[in-house]
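Let me begin by presenting the structure, written as structure tokens, before commenting on it.
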Amino acid sequence: MKYNFYAGPAILPREVMEEASRAVIDFNGMGFSILEISHRTKEFIAVMDEAVALVKELLFIKEDHEVLFLSGGASSQFYMAPMNLLDETMKAAYTDTGTWASKAIQDGKLYGQVDVIASSKDSNYSYIPKGYDIDPAYRYLHITSNNTIFGTQYKAFPETSVPLVCDMSSDIFSREIDINKFDLIYAGAQKNMGPAGTTLVVVRKSALGKVNRKIPAMLRYENHIDAGSMYNTPPVFPVYVSMLTLRWIKKNGGVSGIQKLNEKKAGVLYQEIDRNPLFNSPTNPEDRSLMNICFLLHNKELEKEFLADCKEAGCYGLEGHRSVGGFRASAYNAMSLEGIAVLTEVMQSFEKKKG
Ligand SMILES: Cc1ncc(COP(=O)(O)O)c(C=O)c1O
């Protein structure tokens with residue numbers, strides 16, 4: 001048995017993979033692959049419609065929000081969001097909680113005034129800043145709900161009248177969030193939703209059309225809304241696999257059911273990190289991510305040996321990002337409690353071996 005702890009592209013449910021692989025040969029008994037039918041067929045339109053409906057259902061989205069499946073990755077939203085929401089006469093606030101947040105800030109500055117109102121850069125992004133003032137005049141506040149590289153996560157979102165814009169790439173569908181508080185959220189599919197190649201965008205329709213600039217057709221959210229995410233050829237396979245994963249989430253208790261399991265999984269692993277004298281955690285305890293669990297060995301020289309032991313037990317993808325070092329266990333929705341238990345046992349055996 002192999003356990004996939006990669007940070008993304010990442011583990012997807014086995015049954016989703018099986019169904020998707022069948023559809024690559026013959027989709028719905030059509031005698032064609034899902035990869036070779038027009039996106040204008042009634043069969044694919046049904047896939048897109050179901051994917052959108054499932055997002056709305058699972059996230060309890062109300063009428064003023066539109067659900068889009070775009071391409072270009074979450075990184076394209078770093079510029080598309082400010083291009084559509086911010087113009088040179090306006091100011092936006094951003095929080096800097098890691099590499100992806102910094103990239104969003106850089107691109108935001110191309111389209112209007114940007115203030116970084118809080119940052120945890122001073123401690124290598126080991127915590128989520130809190131307790132800062134937010135001027136109500138800001139057009140929006142951009143945050144990154146889960147910092148994939150540094151393993152921190154907002155447990156509560158800032159209480160403010162300023163509209164929120166949020167990169168939820170690495171924790172979408174992993175815990176209950178009131179999406180109706182946000183003007184815009186976006187998430188690359190390749191962690192909790194599907195394969196790389198599509199990006200989910202949920203945008204408040206009434207927030208659009210207020211900037212005074214020309215926007216290329218492909219980068220105007222309204223065009224994608226009007227065309228039901230089919231303004232151009234959509235990323236058909238990533239959308240299809242996302243739809244299957246959303247069905248799987250629904251079947252497994254919806255986001256609240258998945259959240260309970262995620263809390264359990266992360267709880268087991270953090271408990272072991274805190275208990276085991278060989279390891280420690282680089283993140284502030286109250287901000288620890290349920291999705292990306294970073295940990296370090298006190299003695300760095302043992303890292304290679306520990307990773308070798310992990311692999312022998314079937315645990316892959318645990319190398320930490322170079323900006324943190326150590327290890328990162330990504331425990332996305334499809335990771336089982338069993339996978340976490342196996343990793344925990346490797347840590348315990350390593351302690352015995354070194355003790
Ligand atoms: C939080 C976050 N934002 C943005 C990105 C970039 O996503 P993409 O590669 O889809 O552009 C990532 C990728 O890991 C991420 O974790």
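Read-outs: derived from the displayed coordinates by stated rules, not from any lab. Here the structure is a predicted model, which is why all the values come from computation and not from measurement. Please note: Cβ atoms are built from the backbone with ideal geometry, for glycine as well, and neighbour counts cover all protein chains shown.
Students often check this: by mean Cβ neighbours within 10 Å, which of 181-194, 129-142, 301-314, 239-252 ranks highest, and how do the rest follow? Please report the intermediate quantities before stating the final value.
Numbers: 181-194: 25.8, 129-142: 15.8, 301-314: 14.1, 239-252: 21.5.
Ranking, from highest mean packing down: 181-194, 239-252, 129-142, 301-314.
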Inset, instruction - Starting from the Cα gyration tensor of segment 178-246, take the square roots of the eigenvalues, sort them a ≥ b ≥ c, and report rounded, prolate or oblate (rounded when a/c is under 1.5, otherwise prolate if a/b is larger than b/c, else oblate). - result: oblate
Inset, instruction - Mind running the shape call on segment 70-124? Use the C-alpha gyration tensor, a ≥ b ≥ c as the square roots of the eigenvalues: rounded below 1.5 for a/c, prolate if a/b tops b/c, oblate otherwise. - result: oblate
Legend entry - Cα extents of segment 214-303 along the three principal axes, largest first (Å): 56, 36, 24
Legend entry - All Cα pairs of segment 114-162, percent lying beyond 16 Å: 41
Legend entry - Burial order of peptide ranges 223-233, 2-12, 73-83 (average beta-carbon count within 10 Å, highest first): 73-83, 2-12, 223-233
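Report the gain in length on full extension from residue 15 to residue 217: 0.36 nm times residue separation, minus Cα-Cα distance, nm rounded to one decimal.
Working: separation 202, 0.36 × 202 = 72.72 nm, distance 3.75 nm.
Gain in length upon complete extension: 69.0 nm.
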Legend entry - In nm, spacing of pseudo-spin labels at residue 298 and residue 313 (7 Å Cα→C-beta vector): 1.9
Inset, instruction - Please work out the Cα center distance from segment 171-222 to segment 283-325, rounded to the nearest Å. - result: 31
Inset, instruction - Quick one: dipole size for segment 13-129, taken about the Cα centre, charges +1 on Lys/Arg Cβ and -1 on Asp/Glu Cβ, in debye to the nearest 20. - result: 280
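Under the Kirkwood approximation for Rh and a Cα-based Rg, what ratio Rg/Rh is obtained for segment 234-355?
On the way: Rg = 16.1 Å, Rh = 15.6 Å.
Ratio value, two decimals: 1.03.
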Inset, instruction - Using only the alpha-carbon atoms of the chain, report the extent along each of the three principal axes, biggest first, to the nearest angstrom. - result: 64, 57, 30
Legend entry - 14 Å beta-carbon shell around residue 15, net charge (K/R +1, D/E -1): +3
Legend entry - Cross-link pairs 2/352; 155/265; 155/311 - those with Cα-Cα distance over 27 Å: 155/311
Legend entry - Furthest towards positive pole of dipole, 298, 252, 227, structure part segment 177-299, Cβ charges: 227
Inset, instruction - Can you bin segment 112-210 into rounded, prolate or oblate? Criterion: square roots of the alpha carbon gyration tensor eigenvalues sorted a ≥ b ≥ c, rounded for a/c under 1.5, prolate for a/b above b/c, oblate for the rest. - result: oblate
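Mean separation of Cα pairs under 8 Å and 6+ residues apart, divided by the residue count of the chain: what relative contact order is that in percent? Intermediate results must be reported in sequence, preceding the final value.
Working: 673 pairs, mean separation 82.8, N = 355.
It rounds to 23 percent for the chain.
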Legend entry - Cβ-based charge dipole, segment 101-218, positive-most Cα from 202, 134, 116: 202
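What is the order of 330, 161, fewest Cβ neighbours within 10 Å to most? Working shown, then result.
Numbers: 330 23, 161 7.
In order of increasing Cβ crowding within 10 Å: 161, 330.
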Legend entry - Hydrodynamic radius (Kirkwood) for segment 46-151, which is based on Cα pairs only, to one decimal in Å: 15.4
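With +1 on each Lys and Arg Cβ and -1 on each Asp and Glu Cβ, and nothing else charged, work out how big the dipole of the chain is about its Cα centre, in Debye to the nearest 20.
The calculated dipole for the chain is roughly 160 debye.
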